[in-house]
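**Q** Supplied in structure tokens, the structure appears directly below.
The values are calculated or read from the model by the stated rules, or taken from the named source; none is laboratory data. Everything numeric in this text was worked out from a predicted model, so none of it was measured. Every residue, glycine among them, receives a Cβ derived from its backbone with ideal geometry; neighbour counts consider all protein chains shown.
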Amino acid sequence: MQKTIKPVFLQRIFAVQKKFPSYQVDGILFSNISNIRYLSGFTGSDGILILSADAVRLLVDGRYTTQAVAEVQPVPVVQYQNKIQGIEKAVKELGLTKIGFEASFVSVEMFNDLTRSLKKTKLVPLGDELRLLRAYKDKYEIAVMKKAAAIASAAVAVLSCEIEPGWTEQETALQLEMTARRAGAEQVAFETIVASGKHAALPHAQPTNRKIQNGDFVVIDFGVKYQGYCSDETCTFAIGELTGDQKNAYRATLQAHDETIAFIKAGIAAADVDALVRRVLGKKYSRYFVHGTGHGVGLEVHEAPRLAPNSQDVLNAGMVVTVEPGLYYPGRWGIRIEDTVFVKENSCEIITKMKKDYTIIG
């Protein structure tokens, strides 16, 4: 498969190189490992990718040399013993005088080291210029993300048939992760959230030894990685019969979820998507919705664009984003319903697989 996708990496590199004039640089130093993978195919956990207007270098230490050579040909691989010295040597060989760097991924210490080493080179911080680098997914990326979503959704479906009162949140998370790994997941995409009862009111709750009880909402936020790409999906299950207030809140959350997905298409402002969720939830519920509506997904589980009140992003065909309205009642219970969607010209396609109907377990 790699032989067929290598030209994709070259196309991505060329696309970045074409933007050098607008960035006012003659090269870019990439240190974000996800961007390095996106542009070269290198799957290691440390390295530097340097682009000039007509050349590219992947810099790695001795742990990754053999791996890098196998993964990124025909990109030249250079081994270094000291990262800063390796960068200095490559920059001089490529004749770079104005080199951009990822401002969000270079520490103050590294910046100071580079400044001392590259005395004749101007360092240009790049922020918004690179935010949407990975936002548009190609056919290969979509296919891989659909596979990741299928693995994760199938694991949640199995869990929904097995979970019962008395299971702890930690046991539930472990069972879910084991099922997904057996089905081909490389790893979880983020720390699995299994939150029951009052813990469900914490948007980023960590699984505890609390036992799931009748009358609980159980929020399960789960994703896996497959060939490096993430899935992200949240289901909220009812354990036994719940109160009328809980049922009504779930219906309101589901309505916001469904209407928002029906609204999404190319050209829609991300802030307008978020505003729709809050409008559908209305005065009664919107005050319990305490986070943004969604985010991009890809090689990382949180990527651009952002679906939030202050977002300046616009959704375009090829983007993959989550839609995840939630209600959180501190000390009582919480709900979140999340799907990942692929934005198209006139609609969007849901790529996560679990149905989000109100589901009673036990």
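**Q** If you check residue 114 against the conditions, is it assigned to a helix (DSSP H, G or I), under 30 Å from residue 11 (Cα atoms), touching a Phe, Trp or Tyr at 6+ places or on another chain (Cβ under 8 Å) and of a type outside the set (Asp, Glu)?
**A** Yes.
**Q** For region 70-93, name all the residues that are hydrophobic (A, V, I, L, M, F, W, C), surrounded by 16 or more Cβ atoms within 10 Å (Cβ to Cβ) and free of Cβ contacts under 8 Å to residues at least 24 places away in the same chain.
**A** Of everything in region 70-93, those that are hydrophobic (A, V, I, L, M, F, W, C), surrounded by 16 or more Cβ atoms within 10 Å (Cβ to Cβ) and free of Cβ contacts under 8 Å to residues at least 24 places away in the same chain turn out to be 77, 78.
**Q** I'm trying to understand the selection: among the residues of region 57-72, which are closer than 25 Å to residue 26 by Cβ and modelled with pLDDT under 95?
**A** The answer is 72, and nothing else.
**Q** Continuing with the same structure: Can residue 138 be described as surrounded by 15 or more Cβ atoms within 10 Å (Cβ to Cβ) and closer than 24 Å to residue 33 by Cβ?
**A** no
**Q** Let me ask something else about it. Mind listing whichever residues of region 5-38 are touching a residue at least 24 places away in the same chain (Cβ under 8 Å), buried (at least 18 other Cβ atoms within 10 Å of the Cβ) and either closer than 19 Å to residue 103 by Cβ or among the aromatic types (Phe, Trp, Tyr) (or both)?
**A** Residues satisfying the conditions are 9, 16, 25, 26, 27, 28, 29, 30, 31, 32, 35, 38.
**Q** Against the condition crowded, with 24+ Cβ neighbours inside 10 Å, assigned by TED's automatic domain parsing to the domain that holds residue 219 and of a type outside the set (A, V, I, L, M, F, W, C), how does residue 296 come out, does it pass?
**A** Judged against the criteria, residue 296 is a match.
**Q** While we're here: Please specify each residue of region 214-256 satisfying the condition of being of a type in the set (Gly, Ala, Ser) and free of Cβ contacts under 8 Å to residues at least 24 places away in the same chain.
**A** Correct list: 244 only.
**Q** Ok, one more. Just checking: which of the strands (runs of 3 or more DSSP E) contained wholly in region 1-90 hold 3 or more residues that are farther than 21 Å from residue 129 by Cβ?
**A** Answer list for region 1-90: 56-60, 77-79.
**Q** Among the numbered conditions (1) part of a loop (DSSP other than H, G, I, E, B); (2) more than 21 Å from residue 128 (Cβ to Cβ); (3) not aliphatic (A, V, I, L, M), tell me where residue 279 comes up short.
**A** Checking residue 279 against (1) part of a loop (DSSP other than H, G, I, E, B); (2) more than 21 Å from residue 128 (Cβ to Cβ); (3) not aliphatic (A, V, I, L, M), the one that fails is (1).
Let's see how each residue does on (1) touching a Leu at 6+ places or on another chain (Cβ under 9 Å); (2) among the charged types (D, E, K, R); (3) surrounded by 19 or more Cβ atoms within 10 Å (Cβ to Cβ); (4) assigned by TED's automatic domain parsing to the domain that holds residue 302:
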position: 113; (1), (2), (3), (4): no, yes, no, no
position: 116; (1), (2), (3), (4): no, yes, no, no
position: 119; (1), (2), (3), (4): no, yes, no, no
position: 123; (1), (2), (3), (4): yes, no, no, no
position: 143; (1), (2), (3), (4): no, no, no, yes
position: 147; (1), (2), (3), (4): no, yes, no, yes
position: 150; (1), (2), (3), (4): no, no, no, yes
position: 153; (1), (2), (3), (4): no, no, yes, yes
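**Q** Ok, one more. Restricting to region 330-355, what's the tally of residues that are within 21 Å of residue 252 (Cβ to Cβ), assigned to a strand (DSSP E or B) and not small (Gly, Ala, Ser)?
**A** Of the residues in that region, 7 qualify.
**Q** Hey, another quick one. What do you reckon, is residue 290 out of contact with any Cys (no Cβ under 6 Å at 6 or more places or on another chain), of a type in the set (Val, Ile, Thr) and assigned to a loop (DSSP other than H, G, I, E, B)?
**A** Here the answer is yes, as residue 290 does meet what is asked.
**Q** Considering only region 118-134, I want to know if a residue exists there that is at pLDDT 95 or above and under 26 Å from residue 236 (Cα atoms).
**A** Looking for residues that are at pLDDT 95 or above and under 26 Å from residue 236 (Cα atoms), one finds none in region 118-134, hence no.
**Q** Give me a count of the residues in region 118-145 that are over 17 Å from residue 303 (Cβ atoms) and in contact with a Phe, Trp or Tyr (Cβ under 9 Å, 6 or more places away or on another chain).
**A** 3
**Q** Residue 100 passes all but one of (1) in contact (Cβ under 8 Å) with a residue 12 or more places away in the chain; (2) touching a Ser or Thr at 6+ places or on another chain (Cβ under 9 Å); which number fails?
**A** (2)
**Q** Would you be able to tell me the number of residues in region 199-234 that are within 18 Å of residue 326 (Cβ to Cβ) and either assigned to a strand (DSSP E or B) or among the charged types (D, E, K, R) (or both)?
**A** Residues that pass the stated criteria total 10.
**Q** Does residue 72 satisfy being closer than 26 Å to residue 230 by Cα and in contact with a strand residue (DSSP E or B) (Cβ under 7 Å, 6 or more places away or on another chain)?
**A** yes
**Q** Report whether or not residue 224 is buried (at least 23 other Cβ atoms within 10 Å of the Cβ) and closer than 12 Å to residue 155 by Cβ.
**A** Spelling it out, residue 224 is indeed buried (at least 23 other Cβ atoms within 10 Å of the Cβ) and closer than 12 Å to residue 155 by Cβ.
**Q** Mind checking whether some residue in region 162-174 is charged (D, E, K, R), closer than 29 Å to residue 289 by Cα and crowded, with 21+ Cβ neighbours inside 10 Å?
**A** Taking every residue of region 162-174 in turn, at least one turns out to be charged (D, E, K, R), closer than 29 Å to residue 289 by Cα and crowded, with 21+ Cβ neighbours inside 10 Å.
**Q** Going residue by residue through region 259-282, is there one that turns out to be closer than 29 Å to residue 32 by Cα, out of contact with any Leu (no Cβ under 7 Å at 6 or more places or on another chain), surrounded by 24 or more Cβ atoms within 10 Å (Cβ to Cβ) and not aromatic (Phe, Trp, Tyr)?
**A** No, every residue in region 259-282 fails to be closer than 29 Å to residue 32 by Cα, out of contact with any Leu (no Cβ under 7 Å at 6 or more places or on another chain), surrounded by 24 or more Cβ atoms within 10 Å (Cβ to Cβ) and not aromatic (Phe, Trp, Tyr).
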